[in-house]
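A short worksheet on the structure shown next.
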Amino acid sequence: MIPLQQVLMLSFTLVLIATVGLCIRRDALTLFLCVELILNAANISFVGFARHVGNVQGHVAVLLIIALAAAEAAVGLALVIRLKKTGQPLLVEELTELKN
Amino acid sequence: MNEQILFYLFSSFTVLTALGVIMSQNPVGSGLSLVATFFSVSGVFVLLAAPFLGVIQVLVYAGAILVLFLYVMMLLNLSDDTSLLNSPNHLLKCLVGMGLMGVASFGLWQWLKTIEMNASTTDETFGGLFELSKSLLGENMISFELISLVLLASIVGVVTLTALDRHEEES
């Protein structure tokens, strides 16, 4: 039986790594991958707690989070494709204006 | 004991590939590292008595969402990001980051020791499809309907964002 502490430590480590990645990367798509990693860390933590409490609600939450990540990925990628058509490099430092 | 060793294996692989995501110079390299991360997270799910979620993670997350990402990355032909290695005091920044992470992890570990550790379920059918679907379509019905609305909104958003493009090109 895997203790809950180790599951939570794994989730915490992933969140830390993904947050550091969110701060140091410049291009928009890699930032998005780091956000997906944070969501996965939350999924691990949900599953760990679901097994600890004995309730299946944690699994339901994970399903909803996966569906939400899919929706968010679709919209984010559409935005990125749209931005690429303007010709500027996809670096977050230079994407400062909402128009164009 | 076997579960413990497998958990260490999968979690270390997860952490290593997550580091590969943030430290890769190429965006495609980050995407591929993230696929490996998702596979090992799926292994962790199976070890934590969630076999259905493990399968769903591989099918939906690694198999659909990340494939979409990789399509877009291949389509856009992004350039490499070498700003990490060329920045000054790179080693110092890495050490400071690791030190902060170590301190935060130590604090969390001290708190986590106070939690009651034993899992309360020994049922073998926990995490199976039947209970999960009974809960999803039973008491979580509203969330289920709302998430389908969210997916619909995202589809409409994507079509709007790309159709505006086509309008401008035609006119």
Check segment A:49-57 and report whether any residue there is part of a helix (DSSP H, G or I), at pLDDT 90 or above and of a type in the set (D, E, K, R).
no
What pairs come up if the first residue lies in segment A:1-30 and is facing another protein chain (nearest Cβ under 7 Å) and acidic (Asp, Glu), the second is in a strand (DSSP E or B) and surrounded by fewer than 20 Cβ atoms within 10 Å (Cβ to Cβ), and their beta carbons are under 8 Å apart, counting only those six or more places apart or on different chains?
A:Asp27/A:Leu91
Please verify whether segment A:38-52 includes one or more residues that are within 7 Å of chain B (Cβ to nearest Cβ), aliphatic (A, V, I, L, M), closer than 22 Å to B:Gly102 by Cβ and surrounded by 20 or more Cβ atoms within 10 Å (Cβ to Cβ).
yes
Kindly provide the set of residues from segment B:43-57 that are closer than 21 Å to A:Leu68 by Cα, more than 8 Å from chain A (Cβ to nearest Cβ) and open to solvent by 10 Å² or more (accessible area, probe 1.4 Å), ordered by number.
B:Pro51, B:Val55
Scope segment A:1-24; condition outside any helix (DSSP H, G or I) and open to solvent by 10 Å² or more (accessible area, probe 1.4 Å); matching residues
A:Met1, A:Pro3
Looking only at segment A:58-83, which residues are open to solvent by 30 Å² or more (accessible area, probe 1.4 Å), at pLDDT below 90 and within 7 Å of another protein chain (Cβ to nearest Cβ)?
A:Leu79, A:Ile81, A:Arg82
May I ask you to list pairs of residues, at least six apart or on different chains, whose Cβ atoms are under 9 Å apart, with the first in segment B:10-25 being open to solvent by less than 30 Å² (accessible area, probe 1.4 Å) and the second being not in a helix (DSSP H, G or I)?
B:Ile22/A:Arg25; B:Ser24/B:Asp81
Hey, could you check segment B:26-42 for residues that are farther than 18 Å from A:Gly48 by Cα and within 12 Å of the chain's Cα centre (by Cα) and say which is surrounded by the most Cβ atoms within 10 Å (Cβ to Cβ)?
B:Leu34
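The values are calculated or read from the model by the stated rules, or taken from the named source; none is laboratory data. This one's a predicted model, so the numbers in the text were calculated from it and none came from an experiment. All Cβ positions, glycine included, derive from the backbone under ideal geometry; neighbour counts span all protein chains shown. Side chains included, ligands, DNA and RNA excluded: accessible areas come from the protein's heavy atoms. Shrake-Rupley method; radii C 1.70, N 1.55, O 1.52, S 1.80 Å.
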